[in-house]
């Protein structure tokens with residue numbers, strides 16, 4: 001695997017070639033090799049990553065981590081409605097769709113053709129409604145999307161948004177404890193269970209509890225030398241089989257996130273890999289369950305020369321930050 005050229009080697013090259021230009025060229029190559037992990041498989045139909053907004057029901061059966069009922073939960077339904085309506089407004093959706101293009105030369109998030117659009121009046125914040133608690137997945141946070149969108153909304157309407165960022169499973173669990181006014185997540189089955197259990201409600205002007213409005217793509221990444229031949233695999237399912245067959249190191253989120261759920265669906269069925277640790281007990285020589293966020297897992301993959309499934313937006317941010325998250 002290629003590694004960054006050391007400073008000492010650059011100096012040796014400078015004297016050997018007797019040229020400042022040669023040193024500059026070596027420095028450029030050093031910069032280019034900061035992150036060795038690269039995208040090997042993308043734009044596969046099995047790798048679409050949908051994002052959904054849900055307003056938390058103030059009358060939901062809130063429970064703590066042990067399943068005990070939680071009383072006296074107070075939600076900011078006005079603030080949640082304001083943020084959701086702005087995100088689904090023409091201004092909000094356009095901001096999300098354009099995010100990242102100036103820096104990366106490509107769009108990081110896309111608007112769904114059949115998406116909810118809001119034209120509702122967005123109420124300005126009051127002292128009672130000022131603080132909004134958003135529970136969300138790491139991908140919209142680590143990618144920088146929320147850091148871009150929320151200041152626009154907050155400056156215009158006077159709100160402050162407290163963001164809890166974790167894997168989708170933990171983000172949803174946080175809302176079930178009454179610690180969030182709305183959620184933004186990307187795991188359909190878990191979202192549907194959230195609705196069925198009474199934790200969401202239909203916002204005025206919307207047709208359903210789940211408001212799925214944007215998407216991006218998961219990408220399968222790995223070391224540039226690609227020992228499993230992932231890049232040449234017919235599709236992402238064949239790529240995952242090649243990784244398993246060759247027992248090449250793979251970093252799994254292992255945290256019940258939307259990314260983790262998608263990864264589990266891509267392994268060959270006969271492997272039997274699920275969220276249960278016992279299911280991959282025989283694969284621990286190559287399958288690493290990290291129980292960590294996307295940024296931390298990308299750092300692990302880079303350090304270990306491993307394969308990893310990630311959303312493209314977070315990966316491009318990871319590369320732009322020279323592998324620091």
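The values are calculated or read from the model by the stated rules, or taken from the named source; none is laboratory data. Just so it is clear, the model here is predicted, and its values are computed rather than measured. Quick reminder, even Gly has a Cβ in these numbers, built from the backbone with ideal geometry, and neighbours come from all protein chains shown.
Worth a mention:
- Taking the stretch 130-249 as the region of interest, the helices (runs of 4 or more DSSP H) fully inside it that hold 1 or more residues being touching a helix residue (DSSP H, G or I) at 6+ places or on another chain (Cβ under 8 Å) and within 27 Å of residue 320 (Cα to Cα) are 138-142, 145-157, 168-176, 236-246.
- Only one entry of 131, 146, 88, 123 meets the criterion of being in the same structural domain as residue 178 (by TED's automatic domain parsing) and under 16 Å from the mean Cα position of the chain (by Cα), and that entry is 146.
- Tally, over the stretch 128-145, of residues that are surrounded by 21 or more Cβ atoms within 10 Å (Cβ to Cβ) and within 17 Å of residue 100 (Cα to Cα): 7
- Yes/no for residue 274 being more than 17 Å from residue 169 (Cα to Cα) and outside the structural domain of residue 168 (by TED's automatic domain parsing): no
- Criterion: under 21 Å from the mean Cα position of the chain (by Cα), part of a loop (DSSP other than H, G, I, E, B), at pLDDT below 95 and more than 21 Å from residue 44 (Cβ to Cβ) - qualifying residue of 295, 256: 256
- Taking the conditions (1) over 19 Å from the mean Cα position of the chain (by Cα); (2) at pLDDT 95 or above in turn, residue 97 satisfies each one other than (1).
- Among the residues making up the stretch 100-112, those that are modelled with pLDDT under 95 and assigned to a loop (DSSP other than H, G, I, E, B) are 100, 105, 106, 107, 108, 109.
- Here 154, 196, 160, 192 are screened, and the one residue that is free of Cβ contacts under 8 Å to residues at least 24 places away in the same chain and in contact with a strand residue (DSSP E or B) (Cβ under 8 Å, 6 or more places away or on another chain) is 154.
- Complete set of residues in the stretch 35-91 that are assigned to a loop (DSSP other than H, G, I, E, B), under 26 Å from residue 112 (Cα atoms) and free of Cβ contacts under 8 Å to residues at least 40 places away in the same chain: 89
- Residue 279 vs. criteria touching a residue at least 60 places away in the same chain (Cβ under 8 Å) and surrounded by fewer than 19 Cβ atoms within 10 Å (Cβ to Cβ): no
- When 289, 224, 252 are checked against the criterion of being surrounded by fewer than 15 Cβ atoms within 10 Å (Cβ to Cβ), farther than 30 Å from residue 81 by Cα and outside the structural domain of residue 189 (by TED's automatic domain parsing), 224 stands alone in meeting it.
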